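The values are calculated or read from the model by the stated rules, or taken from the named source; none is laboratory data. This structure is a prediction, so every number in the text was calculated from the model and none was measured. Methodologically, a virtual Cβ is constructed for each residue, glycine included, from the backbone with ideal geometry; neighbour enumeration extends over all protein chains shown. SASA here: full protein model, heavy atoms, side chains in, ligands and nucleic acids out. Shrake-Rupley method; radii C 1.70, N 1.55, O 1.52, S 1.80 Å.
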Amino acid sequence: MRRTGTTRRSALTATGAFGLAAVLTGCGGDGPAPGRDSGGADARTASLGGSAALRAAAARASVSLLSRYEQAAAAHPVTEPGLAPLRATVQQHLAALGGRPKAQGGSPSPAASSPAAPAPASDAKAALKELAAEERRVAGARAAALVTAEPELARLLASLAAAGAAHAYLLTELAKETPA
């Protein structure tokens, strides 16, 4: 692999800084002062239901991403060494969201099955670029969900969005280095 001007460490550091900025921006104190009831249990219940829906949607996106990584690696074995650490990270994201990671035997648990992802491109470079585009799409959706998420979930989604942006960058670089 040839070295580019940007190292993995500097990319991850920049991504972490982006995530931290997103978290700090989302942690404003717009809520009611402690001791005041502004709608009480109904607002909290609706909020928790919304958080569960956001978490479930994020978990489904991680399941879909995991499936895309596995399909790309199976279709293009030359990409497996580069995709393995990113795929492992997506599995950790799924676990953090409360989703079910793959079973020990390698097949997904029934609850984690996802709708069929589109088949990867026949060219390894194109497949990596498609995977990078999907990572960007999912990261953007997670960043957009920060506005409505509870603080704890917002922090998690910000971290996942930042990681997804880093994955997209690394996949783009991997596509450049993959032989035709």
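Maximal additional length on extending the Glu152-Ala119 stretch stands at 8.4 nm, based on 0.36 nm per residue less the C-alpha distance. Taking 0.36 nm per residue of sequence separation and removing the Cα-Cα distance, the Lys176/Ala52 pair yields an extension gain of 40.8 nm. Of the solvent-accessible surface of the stretch 129-178, computed with a 1.4 Å probe over protein heavy atoms with every protein chain present, carbon and sulfur atoms account for 60 percent.
Spin-label model, Ala75 to Ala96: label points 7 Å out along the Cα-to-beta-carbon direction sit 2.8 nm apart. Close amide-amide hydrogen proximity is noted between Ala121 and Ala127, each under 5 Å apart and 5 or more residues distant or on a separate chain (H modeled in the peptide plane; Pro and chain starts excluded).
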